[in-house]
1. Please compute the net charge surrounding D95, taking Lys and Arg as +1 and Asp and Glu as -1 over other residues with Cβ under 15 Å from its Cβ.
2. Using Cβ contacts closer than 10 Å as the measure, can you line up K25, K71, K189 from fewest to most?
3. Would you work out the relative contact order for the range 27-135, in percent, from Cα pairs under 8 angstrom that are 6 or more residues apart?
4. Given R₀ = 22 Å, what would the calculated FRET efficiency be for T31 paired with I188, taking r from the Cβ atoms and rounding to 0.05?
5. Take the alpha carbon atoms of the range 53-109, find their center, do the same for the range 126-174, and report the distance between the two centers in whole angstrom.
6. Give me F128, F56 ranked fewest to most by other Cβ atoms within 10 Å of their Cβ, as a rough exposure proxy.
7. How do 179-188, 164-173, 147-156 rank on mean C-beta neighbours within 10 Å, highest first?
8. Taking the DSSP beta bridges in the range 36-194 as the whole, what percent of them are antiparallel, to the nearest 5?
Amino acid sequence: MNLRFFSIYCIIALLVVGGCGRQVKRVDPSTQIDLSGRWNDTDSRQTANTMITQMFGNRWAVAFEQRHQKKPVIIVGLVTNRSTEHISSETFIRDIERAVINDGSIRLVQAGDRREELRRERAGQQDFASPETTARWGRELGADFMLQGTINSIEDSYRRNRVVNYQIDLMLTNIETNEVVWMGNHEIKKTIRN
């Protein structure tokens, strides 16, 4: 009888201990949490905001607006990940686009797959929408500038310590003339102890 009681007790104890292994708690999305030391959402958001502030602090936009009597229009091209880890450059691009829209100093047009999806929708409307509501061809807003960049990282480690330095470089180019009108960079350095 003691052996049976002990076995049941052990099984219950294992179930209780096994059931308490994981806890999930909701937190504010803007809360800075860095578990692994790798590039994360906070790094992406902070870098995008810093870079856009740098870009708007430069005179290129004011000079363009004075010369052409309109706000400049940009398109965000590729931001290539050349770091030592997987980084979703699409998330970073969305953070940049959000910062541009929120600033309001310049205009933003769609790029890549999203632009193609809009064109497919416009083509479909030609056959299936009523003539008075059909979006017309040849009315897209052309971009004056393209923003492109890279994400690089350098890692150094010794025993249980690791240092990762991320360098993000962005470049704004006049699409018509290929003139580079702005270059900016932002660095993030993290120390990790395992």
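1. Numbers: positive: R45, R94, R98; negative: D41, D43, E90, E97, D103.
Within the 15 Å Cβ shell, the charges total -2.
2. K25, K189, K71
3. Details: 71 pairs, mean separation 27.0, N = 109.
Relative contact order here is 25 percent.
4. Values: r = 18 Å, r/R0 = 0.80.
E(calc), rounded to 0.05, equals 0.80.
5. 8
6. On the way: F128 8, F56 17.
So the ranking, lowest neighbour count to highest, is F128, F56.
7. Working: 179-188: 15.7, 164-173: 19.3, 147-156: 17.4.
Output ranking for 179-188, 164-173, 147-156: 164-173, 147-156, 179-188.
8. On the way: 27 of 36 bridges.
Among the beta bridges of the range 36-194, antiparallel pairing accounts for roughly 75 percent.
Just so you know, all these numbers are worked out from the coordinates, no wet-lab data involved. For clarity, every value in this text was computed on a predicted model and none was experimentally measured. Cβ sites come from the backbone with ideal geometry, for glycine too, and all protein chains shown count toward neighbours.
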